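See below for the structure under consideration.
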Amino acid sequence: MREVAIFRHNLFRVSEPFIALQAQRLERYRPLYLGRWRFGPPPDGSTCRTLQDLGGWALPSILWQMTTRNPRPYERLLKGHRPALIHAHFGIEGVHALPLAKRLRVPLITTFHGFDATLAGYALLSSPAWAHYPLRRRELAREGSLFLCASSFIRDRLLAQGFPERRTHTHYIGVDCAAIRPRRPFEEQRVIVHVARLVEVKGTRYLLRAFARVAQVDSAVELAIIGDGPLRGSLERLASALGLSGRVRFLGALPHAGVLAWLRRAAMLVLPGIRTATGRVEGLGLVLLEAAATGVPAIGSRVGGMPECIIDGRTGFLVPERDEEALAARMSELLADPAMRQRMGAEGRALVEQRFDLGRQTAALEGFYDAILAS
């Protein structure tokens, strides 16, 4: 089997299970995980090489590579390996992997997931880890072999930024319909679930204010917030100020299995994303698809890529961003109608099986790999 280097600076973050889930479903290629840091254990039986493994040379190598993009530290890690191609996740990684791909004389495929296609240039330049990307994005667009976009919304953004139409494609990563089975009606509880990194773009504060309206007329419903991030403290204070301390649970970041377990209990999943002042917006919202695969209706904002995975009125509801009143009304409507929740959950499952199945989407990914290597 040919080896493909799965390139991500920060590997195995609890908030990014989709990268390894996709790579582990490859059938004709063997993944080799390559990056700077490991934030969790690699999948059983897989090969992983990170700059942190270089011992005393780890930090100097990371800082040097971050500053110069010099591929030599990664070449040291790849001793004994010869990947057929590099698959970078996020545009920032694509820019940093490009010199390595040139040195190895292998194709580079870059998948864009969201902020790398939407965040304003000045915001990217404010981070030393991201600064090369806005400066060298045109180089990546010119010399990268293929660009895959997690949604059609992201593809449109990349085309507007000058990426070549012929080499830029929408490719949904998908969710594992074999592993995620529809829940049974008795599993549902009166709990609204929100899964997100606690940053502005996820719209969590609007959810809290909308939930306060719902909680005034529904004494039994609870809100479970899964995720962590820089806004957690301010969000906990907001929940307290709204009188929701006993009705909202901040569960922190959970492993993927824990997230799926909570989805099975959920009356609905809510992700009221917003477009921030820096331009950042939700690229797709993979957790919306995981909820649909579980048979759980979802409510999202009509921004970014979310309309691609919620059929308004059929698998859930789309509401205007930052509209707490509309969000509260849709949440109350779903809570009041168990038959609607079941019907929307069933349609959501059918949608995922038809358009977003991980097995089918990974087979399509291998088709992209084959075509690039053949050319």
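FYI, it's all coordinate maths here, none of it is from the lab. Everything numeric here is computed off the predicted structure, so don't read it as measured data. Please note: Cβ atoms are built from the backbone with ideal geometry, for glycine as well, and neighbour counts cover all protein chains shown.
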Given backbone amide H placed at 1.01 Å from N, residues whose amide H is under 5 Å from that of Cys149, ignoring those fewer than 5 places away on the same chain, are Phe112, His169, Thr170, His171
With x for Gly and Pro, the residue-by-residue ³J(HN,Hα) of region 273-286, computed from phi through the Karplus equation 6.51 cos²θ - 1.76 cosθ + 1.60 at θ = phi - 60° and given in whole Hz, is x, 10, 8, 7, 4, 8, x, 5, 8, 5, x, 8, x, 4
Listed residues Met268, Met331, Met66; largest mean-square fluctuation, Gaussian network over the chain with Cα springs below 10 Å, found at Met66
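Which FRET efficiency value, to the nearest 0.05, do you get for Glu325 and Ala241 by plugging their Cβ-Cβ distance into 1/(1 + (r/R0)^6) with R0 = 22 Å? Before the final figure, lay out each step's value.
Working: r = 19 Å, r/R0 = 0.86.
Efficiency, rounded to the nearest 0.05: 0.70.
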Given 359-367, 52-60, 320-328, the highest-first ranking by average Cβ count within 10 Å works out to 320-328, 359-367, 52-60
The ³J(HN,Hα) series, computed from each phi in region 128-137 with the Karplus coefficients 6.51, -1.76 and 1.60 at θ = phi - 60°, rounded to the nearest Hz and given as x for glycine or proline, is x, 6, 10, 4, 5, 5, x, 7, 10, 4
Here the convex hull volume per residue of the chain, taken over Cα atoms and given in Å³, is 135
Taking a crude spin-label model, label points 7 Å out from Cα along the C-beta direction, the Arg103 to Arg302 distance in nm is 5.0
Taking Cα atoms, the helix 324-335 axis meets the longest principal axis of the chain at an angle in degrees (rounded to 10) of 70
If each part is reduced to its alpha-carbon centroid, region 123-137 and region 319-335 end up apart, in Å, by 36
Calc'd 3J(HN,Hα), region 139-152, phi into Karplus 6.51 cos²θ - 1.76 cosθ + 1.60 (θ = phi - 60°), Hz, glycine/Pro = x, comes to 4, 4, 4, 7, 10, x, 6, 7, 10, 10, 10, 5, 7, 5
Each label sits 7 Å from Cα toward the beta-carbon; between Asn10 and Ser127 the label points are separated, in nm, by 0.7
Note on the chain: contact order normalised by length, alpha-carbon pairs under 8 Å, 6 or more apart, percent, works out to 15
Treating every alpha carbon of region 205-293 as one equal point scatterer without solvent, the Debye formula yields log10 I(q)/I(0) values at q = 0.26 Å⁻¹ of -1.50
The answer for Cys177, listing residues at least 5 apart or on another chain whose modeled amide H is closer than 5 Å to its amide H, is Leu358, Gly359
Whole-Å distance linking the alpha carbon centroid of region 339-375 with that of region 1-79 is 26
1/(1 + (r/R0)^6) with r = Cβ-Cβ of Glu139 and Gln216, R0 = 51 Å, i.e. FRET efficiency to nearest 0.05, evaluates to 0.40
The answer for Arg30, listing residues at least 5 apart or on another chain whose modeled amide H is closer than 5 Å to its amide H, is Arg2, Glu3, Val4
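Based on the alpha-carbon gyration tensor of region 1-150 and its eigenvalue square roots a ≥ b ≥ c, which shape applies: rounded if a/c is under 1.5, prolate if not and a/b is larger than b/c, or oblate? Working shown, then result.
Values: a/c = 1.35, a/b = 1.20, b/c = 1.13.
Rounded, because the longest to shortest axis ratio a/c is under 1.5.
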One would report the antiparallel percent of DSSP beta bridges in region 185-355, rounded to the nearest 5, as 5
